[in-house]
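Every read-out reported here was derived from the displayed coordinates using simple, explicitly stated rules and does not represent laboratory data. Not measured: the values here are computed from a predicted model. Positions of Cβ are generated from backbone atoms using ideal geometry, with glycine treated the same way; all protein chains shown enter the neighbour counts.
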Amino acid sequence: MRIGLLGGTFSPPHHGHVICAQEARIQLELDEVWLLPVADPPHRTLDPSDHPPGELRLSMCRLAVIGQPGLGVCGVELDRGGTSYTVDTLDELVKKDSDNEFTLIVGADQAMAFGNWREPDRIGQLAEVAVAARVDHDRDQAMSEVIRATGGKQPRSIEMPRVDISSSLIRERIYGGNTVAHLVPAGIAELIEEKKLYA
């Protein structure tokens, strides 16, 4: 199977994540795209007062993919715990099923810093890299950085529609006592309210 991996904190997952995953699946002709919630991101600390624990972020991801053809959730980084390095995750997934072909889906901002990731050349050996971007200038720079960091591997490009939703915007809305039901997939706003997340 051809599987796309869309990693993130997903705190919380929102419509922008789903749109990115589906556009990647369709444009790259993938069989499935998995949302891959991070345990501890290497580039920042998840403050437990601002972000729910992994099992709740995983539950929100599972709600996000309900009714979405070809989308799934992978909890391998949460199961492993500790700092989540993409190269370790790909190593583990490839060892589990070497018949799968993986595509790592990254935003242009992530791709710009690809040279700072752990073993980017090894990532390029284990998976194809696809860059999701809206602006041509950012895309060109991002693609060039992936090529440089992976030692010459050409990434794929995903055309993204403009979606001005972010997890930080949603958290700010919740802190302000405003509804986010229109910004997140069905069931997530209810779970946030029930568990008093981001309160």
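Data for the structure
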| read-out | value |
| --- | --- |
| Ellipticity estimate at 222 nm from DSSP helix runs (n ≥ 4, -39,500 (n - 2.57)) divided over the chain, nearest 500 | -12000 deg cm²/dmol |
| Length-normalised contact order of the stretch 2-163 in % [C-alpha pairs under 8 Å, at least 6 apart] | 24 percent |
| Positive minus negative residues near L78 (Lys, Arg vs Asp, Glu; Cβ under 14 Å) | -3 |
| The stretch 119-198, relative contact order in percent, only Cα pairs under 8 angstrom and at least six apart counted | 25 percent |
| Within the stretch 1-95, trypsin sites (Lys or Arg not before Pro) in DSSP loop having at most 15 other beta-carbon neighbours inside 10 Å | R44 |
| Extreme residue, positive dipole direction of the stretch 2-163, given options A130, N100, H15 (C-beta unit charges) | H15 |
| Cα centroid separation, the stretch 18-56 to the stretch 129-167 (Å) | 17 Å |
| Within the chain: Cβ-based charge dipole about Cα centre, in debye rounded to nearest 20 (Lys, Arg +1; Asp, Glu -1) | 200 debye |
| Computed Rg/Rh of the chain, alpha carbon atoms with Kirkwood Rh | 0.95 |
